[in-house]
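> Okay, here's the structure, questions in a sec.
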Amino acid sequence: MNKLWKRTLAAAMAGTMVFGLSACGSSGGAEGDGNLVFMIWDSGQKSGMEAIAEAYMEEHPDVNIEVQAVGWDEYWTKLEASAKSNSMPDIFWMHSNQMYTYADAGILADCTDIVDEANYSEISVENAKGSDGKIYGVPKDKDTIALLYNKEIFDEAGVEYPTAEWTWDDMTEASQKIYDATGKYGYMAYSHDQIGYWDFVYQNGGQILSDDGTKAMYTEPATADAIKYYIGLQQNDWCPTQEDFANGGASELFFSGQGAMYYAGNWDLANLCATYPDMNGKWDVTVLPKCPDPAEGDGRAVISNSVSYATAAEGKNHDAAMEFLEFLGSEEGQRIQGESGVAIPAYNGLEDTWVQTFADQGYEVNVGSLIDQFDYSVKYVNNASRRVWEPEVEQTVLDIYAGNLTVDEGIQQMQDQVTEAIAEQQ
Amino acid sequence: MKKTKKLGQDNLWGYLLIAPTVIGLFILNVYPFVDTIILSFCKSGVFGGREFVGLENYAEIFGSQEFWQALWNTVYFCILTVPVGVFLALIVAILLNAKIRGKVVFRAIFFLPMVVAPAAVAMVWKWIFNSEYGIINTVFHLDAGWITDPNLVIPTVAIVAIWSAIGYDAVLLLSGIQNISKTYYEAASLDGCTKLQQFRYITLPMVSPTLFVVLIMRLMASLKVYDLIYMMVGEGNPALSKSQSLIYLFYRESFIKGDKGMGSAIVIATVVLIGIITAIQFVGQKKWVNYEV
């Protein structure tokens with residue numbers, strides 16, 4: 001009996017190991033000795049951030065900045081744990097997904113004094129604000145979405161390259177012709193909000209959230225029609241299914257010459273050029289096709305998001321961190337970032353530094369055309385309860401794709417999910 | 001009098017020596033366990049701060065289809081991995097115990113998956129099972145969506161889980177088999193028993209205590225499956241809702257949505273489930289586990 005009891009206890013102890021999962025976390029803090037830790041989530045931008053840090057350290061020999069890049073998922077787990085224990089990295093990136101969560105909890109330092117709003121693009125400044133309208137980060141960059149097309153496949157099918165005047169109809173017609181002529185995929189519409197149906201919704205004159213972020217707008221006809229249109233693209237032979245995308249992403253299909261077009265964020269372009277040097281000159285980018293018959297507006301829109309640099313409200317190296325933040329937001333700091341080629345600086349007038357890098361590297365992609373899109377950009381869809389509704393809505397979209405829900409049921413469910421999340425937040 | 005005092009001192013030393021382990025256990029296991037139970041009755045803020053809400057979290061998870069689907073996914077995964085996995089491990093253990101050349105090498109090979117990081121295992125298998133470029137579909141001319149077809153995903157993950165665990169279980173069972181005295185087998189063969197009868201009437205009963213331990217461990221590990229699903233299926237896969245386990249659901253609630261209270265409720269429900277199944281096994285073992293040597 002005694003033996004049995006011991007074994008039971010051992011089994012129970014093993015059961016408690018489940019909780020090991022919730023007990024992990026680590027600190028990234030440093031002591032107040034001029035050593036600053038700068039945490040980011042994109043290893044592709046590490047060298048760019050290091051270049052800025054080096055330029056700063058040259059002027060400030062007493063400061064030492066270490067850039068740490070961790071994966072996206074791990075980044076937010078780490079940041080959350082370090083926020084709870086007040087041991088956050090001295091400087092870190094803040095994504096607009098999380099801006100409200102952190103700013104509203106009083107975790108981020110108020111940066112109003114070091115940010116001159118006039119210097120930066122409006123969207124970047126808006127994304128650096130908390131729910132109370134104060135600025136809690138230094139605008140880092142601004143992004144946009146591009147239509148990538150494979151010139152070789154277009155030539156093979158005898159279809160003319162996409163132009164800035166293209167509409168959705170032109171894109172689907174070209175896709176059909178390409179599929180008929182070559183058997184390859186046309187436009188590859190994968191499940192995504194920012195790089196997918198959101199753009200279509202706003203081009204059609206619809207909205208995901210009302211202007212003040214307090215109401216879900218999925219069931220509005222302009223919104224619902226565009227979502228139906230986007231998800232319906234998958235019914236065409238020339239579009240891969242979501243199962244296909246789970247086996248190989250759109251960029252893999254594109255660069256292995258199996259698909260002719262897809263949307264990608266501008267932040268991916270420099271890495272794509274570097275990853276596929278053999279494809280240089282065989283593909284190009286242009287602005288997103290517009291909606292031919294929008295319910296409202298001129299059919300032009302593109303979702304634009306941005307990242308901010310931030311520091312903790314009560315960090316150990318608060319003053320040193322604020323000084324470096326100011327440098328990150330300065331023209332010089334933003335210029336170095338633009339020259340690293342990965343992100344378009346938030347600072348007005350520095351867009352060309354990013355464009356120029358591509359030419360300097362010998363990459364034959366016409367990224368300059370993308371800059372025009374900032375004239376009609378729409379701020380990334382966001383409100384304080386986004387963290388709750390975003391994963392739920394994403395799941396619903398996948399359920400529609402998988403056929404578990406009809407499009408109408410799905411759109412209603414998204415409407416309910418967002419409405420409920422907003423109600424709970426208040 | 002003197003004797004009891006000495007005994008007391010001995011006890012003190014004893015407590016002192018186990019203190020590091022016990023303290024560690026309390027800080028790392030018992031305290032989080034109790035705290036998780038408390039948290040499961042609370043609505044939590046993202047950065048701490050909690051408000052008691054009674055059974056609200058439980059009411060919500062038991063009322064959600066997602067939870068029941070995840071529960072079924074987990075149970076289905078266990079049904080596939082535990083009996084098949086442990087049975088195969090037993091066969092491997094018996095084979096590794098046989099007189100064959102280079103069995104040390106075979107033992108090492110079977111144990112190898114245990115040494116490899118689960119994330120690496122999952123990534124390699126993910127490519128093997130890839131329906132476009134994977135070696136399985138290519139070699140056998142199949143068109144199966146191993147990691148995207150909702151009906152196939154759990155069996156696929158189960159295959160990888162069995163493959164990963166078989167070596168470890170086999171080594172445990174092997175040690176059990178090697179503890180069986182040779183004299184039983186000698187006596188049995190003198191009496192004219194076949195190999196199959198020897199297995200049935202000597203090996204199986206004698207190895208049953210080890211088998212029981214392996215069974216319990218495998219079951220608990222399977223009920224807690226998370227990493228394989230995270231790596232092989234992952235966010236954005238249309239088959240995710242038909243393949244996410246309870247712990248995966250816990251991860252999404254706690255760390256993606258940031259609702260630690262709800263996450264804790266899911267995890268406590270999982271612990272209760274593990275407890276019930278383990279209790280059933282302990283009652284059931286009386287029927288088949290043999291502790292007489």
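The values are calculated or read from the model by the stated rules, or taken from the named source; none is laboratory data. Fair warning: this is a prediction, and the values are worked out from it, not measured in the lab. FYI the Cβ positions are ideal-geometry reconstructions off the backbone, even for glycines, and counts take in every protein chain you see.
> Among what's in the range A:256-266 and is under 21 Å from the mean Cα position of the chain (by Cα) and surrounded by fewer than 20 Cβ atoms within 10 Å (Cβ to Cβ), pick the residue that is nearest to A:Trp168 (Cα to Cα).
Restricting attention to the range A:256-266, the residues satisfying the condition of being under 21 Å from the mean Cα position of the chain (by Cα) are A:261-266.
Filter once more, so that each one left must be surrounded by fewer than 20 Cβ atoms within 10 Å (Cβ to Cβ): A:264-265.
On the way: A:Ala264: 17, A:Gly265: 19 Å.
Across the range A:256-266, the extreme among qualifying residues is A:Ala264.
> Can you report the number of residues in the range A:137-166 which are in contact with a Lys or Arg (Cβ under 7 Å, 6 or more places away or on another chain) and either assigned to a strand (DSSP E or B) or not assigned by TED's automatic domain parsing to the domain that holds A:Trp198 (or both)? Don't jump to the end; show me each part of the working.
Pass one, the range A:137-166, residues in contact with a Lys or Arg (Cβ under 7 Å, 6 or more places away or on another chain): A:150-153, A:157, A:159, A:161.
Adding the requirement that they be either assigned to a strand (DSSP E or B) or not assigned by TED's automatic domain parsing to the domain that holds A:Trp198 (or both) leaves A:150.
Count: 1.
> List every residue pair whose Cβ atoms sit under 7 Å apart, with the two residues 6 or more apart in sequence or on different chains, where the first one lies in the range A:80-92 and is closer than 7 Å to A:Phe38 by Cα and more than 10 Å from chain B (Cβ to nearest Cβ) and the second, anywhere, is assigned to a loop (DSSP other than H, G, I, E, B) and small (Gly, Ala, Ser).
Close Cβ pairs satisfying both conditions: A:Pro89/A:Gly28; A:Asp90/A:Ala30; A:Asp90/A:Gly315.
> If you don't mind, there's one more thing I want to ask. Sort out which residues of the range A:99-117 are within 12 Å of another protein chain (Cβ to nearest Cβ) and more than 21 Å from A:Ser87 (Cβ to Cβ), and write them in order of number.
Selection gives A:Tyr100 alone.
> May I ask you to verify whether A:Ala105 is touching a residue at least 24 places away in the same chain (Cβ under 8 Å) and either under 18 Å from A:Gly137 (Cα atoms) or in the same structural domain as A:Gly338 (by TED's automatic domain parsing) (or both)?
Details: touching a residue at least 24 places away in the same chain (Cβ under 8 Å): no; either under 18 Å from A:Gly137 (Cα atoms) or in the same structural domain as A:Gly338 (by TED's automatic domain parsing) (or both): yes.
Here the answer is no, as A:Ala105 does not meet what is asked.
> If you don't mind, there's one more thing I want to ask. For the range B:243-264, name all the residues that are more than 8 Å from every other protein chain (Cβ to nearest Cβ) and farther than 22 Å from A:Asn97 by Cα.
Selection gives B:Ser243, B:Gln244, B:Ser245, B:Leu246.
> Any residue in the range A:398-414 that's more than 20 Å from B:Asn237 (Cβ to Cβ) and within 12 Å of chain B (Cβ to nearest Cβ): show its pairings with residues that are at pLDDT below 95 and not in a helix (DSSP H, G or I) at Cβ separation under 8 Å, as long as the two are six or more apart or on different chains.
No pair meets every condition.
> Of the residues B:Asn57, B:Asn29, only one is within 30 Å of A:Ala105 (Cα to Cα), in a helix (DSSP H, G or I) and within 11 Å of another protein chain (Cβ to nearest Cβ); which? So that I can check it myself, show each step before the final result.
On the way: B:Asn57 fails: within 11 Å of another protein chain (Cβ to nearest Cβ).
The match here is B:Asn29.
> Still on this model: Does the range B:268-279 include one or more residues that are buried (at least 17 other Cβ atoms within 10 Å of the Cβ), more than 21 Å from the chain's Cα centre (by Cα) and facing another protein chain (nearest Cβ under 10 Å)?
no
> I'd like to know if the range A:344-356 contains one or more residues that are within 20 Å of the chain's Cα centre (by Cα) and within 14 Å of another protein chain (Cβ to nearest Cβ). First the steps, then the outcome.
Of the range A:344-356, the ones within 20 Å of the chain's Cα centre (by Cα) are A:344-347, A:351, A:354-355.
Narrowing the set further to residues that are within 14 Å of another protein chain (Cβ to nearest Cβ) leaves none.
No - not one qualifying residue is present in the range A:344-356.
> Considering only the range A:275-316, how many residues are under 30 Å from A:Glu80 (Cα atoms) and not in a loop (DSSP other than H, G, I, E, B)?
So the first thing to find is which residues in the range A:275-316 are under 30 Å from A:Glu80 (Cα atoms), and the list is A:303-316.
Now restrict to residues that are not in a loop (DSSP other than H, G, I, E, B): A:303-304, A:307-310, A:312.
The total comes to 7.
Every residue, every condition in (1) modelled with pLDDT of 90 or more; (2) among the polar types (S, T, N, Q); (3) surrounded by 12 or more Cβ atoms within 10 Å (Cβ to Cβ); (4) over 19 Å from the mean Cα position of the chain (by Cα), yes or no:
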position: B:Phe140; (1), (2), (3), (4): yes, no, no, yes
position: B:Ala144; (1), (2), (3), (4): no, no, yes, yes
position: B:Ala161; (1), (2), (3), (4): yes, no, yes, no
position: B:Ala170; (1), (2), (3), (4): yes, no, yes, no
position: B:Ile177; (1), (2), (3), (4): yes, no, yes, yes
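> Only one of (1) at pLDDT below 90; (2) more than 26 Å from the chain's Cα centre (by Cα); (3) part of a helix (DSSP H, G or I); (4) of a type outside the set (A, V, I, L, M, F, W, C) is not met by A:Asn86, so which one is it?
Going through the list (1) at pLDDT below 90; (2) more than 26 Å from the chain's Cα centre (by Cα); (3) part of a helix (DSSP H, G or I); (4) of a type outside the set (A, V, I, L, M, F, W, C), A:Asn86 breaks only (3).
> Which ones in the range A:358-373 are assigned to a helix (DSSP H, G or I) and under 16 Å from A:Thr275 (Cα atoms)?
Taking the range A:358-373 as the starting set, the residues that turn out to be assigned to a helix (DSSP H, G or I) are A:358-361, A:368-373.
Across the range A:358-373, the qualifying residues are A:Phe358, A:Gln361.
> Does A:Val388 satisfy being at pLDDT 95 or above, in a helix (DSSP H, G or I), within 22 Å of the chain's Cα centre (by Cα) and not assigned by TED's automatic domain parsing to the domain that holds A:Asp62? Don't jump to the end; show me each part of the working.
Details: at pLDDT 95 or above: no; in a helix (DSSP H, G or I): yes; within 22 Å of the chain's Cα centre (by Cα): yes; not assigned by TED's automatic domain parsing to the domain that holds A:Asp62: yes.
Criteria not met by A:Val388.
Residue-wise test of (1) in contact (Cβ under 8 Å) with a residue 12 or more places away in the chain; (2) surrounded by 23 or more Cβ atoms within 10 Å (Cβ to Cβ); (3) not assigned by TED's automatic domain parsing to the domain that holds B:Ile79.
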residue	(1), (2), (3)
B:Leu219	yes, no, no
B:Met231	yes, no, no
B:Gly234	no, no, no
B:Asn237	yes, yes, no
B:Gln244	yes, yes, no
B:Phe250	yes, yes, no
B:Ser264	yes, yes, no
B:Gln281	yes, no, no
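> So how many residues does the range A:318-352 have that are assigned to a loop (DSSP other than H, G, I, E, B) and free of Cβ contacts under 8 Å to residues at least 40 places away in the same chain? Outline the logic, then answer.
First, pick out the residues of the range A:318-352 that are assigned to a loop (DSSP other than H, G, I, E, B): A:330, A:340-343, A:346, A:348-350.
If we keep only those that are free of Cβ contacts under 8 Å to residues at least 40 places away in the same chain too, we end up with A:330, A:349-350.
Selection size over the range A:318-352: 3.
> Determine the pairs where a residue that is touching a residue at least 24 places away in the same chain (Cβ under 8 Å) and closer than 21 Å to A:Ala313 by Cβ, located within the range A:122-150, has a partner that is β-branched (Val, Ile, Thr) and not in a helix (DSSP H, G or I) with Cβ atoms under 6 Å apart, the partner being 6 or more residues away or on another chain.
A:Ala128/A:Ile135; A:Lys129/A:Ile135; A:Ile135/A:Val115; A:Val138/A:Val115; A:Lys140/A:Val307
> Still on this structure, I have one more. Inside the range B:235-293, can you point out the residues that are in contact with a Cys (Cβ under 9 Å, 6 or more places away or on another chain) and among the aliphatic types (A, V, I, L, M)? Full working, then the answer.
Within the range B:235-293, the first condition is being in contact with a Cys (Cβ under 9 Å, 6 or more places away or on another chain), and the residues that meet it are B:260-261, B:264, B:277.
Passing the criteria: only B:Ile277.
> Scan the range A:167-226 residue by residue and report those that are touching a helix residue (DSSP H, G or I) at 6+ places or on another chain (Cβ under 8 Å), assigned to a helix (DSSP H, G or I) and either among the aliphatic types (A, V, I, L, M) or not assigned by TED's automatic domain parsing to the domain that holds A:Glu392 (or both).
Selection gives A:Ala174, A:Ile178, A:Ala181, A:Val201, A:Ala222, A:Ala224, A:Ala226.
> Within the range B:120-159, track down each residue that is in a helix (DSSP H, G or I) and either under 24 Å from B:Ala70 (Cβ atoms) or touching a residue at least 40 places away in the same chain (Cβ under 8 Å) (or both). Write out each step before concluding.
Step one: filter the range B:120-159 for residues in a helix (DSSP H, G or I), giving B:120-128, B:135-139, B:153-159.
Result: B:Val121, B:Ala122, B:Met123, B:Trp125, B:Lys126, B:Val153, B:Ile154, B:Pro155, B:Thr156, B:Val157, B:Ala158, B:Ile159.
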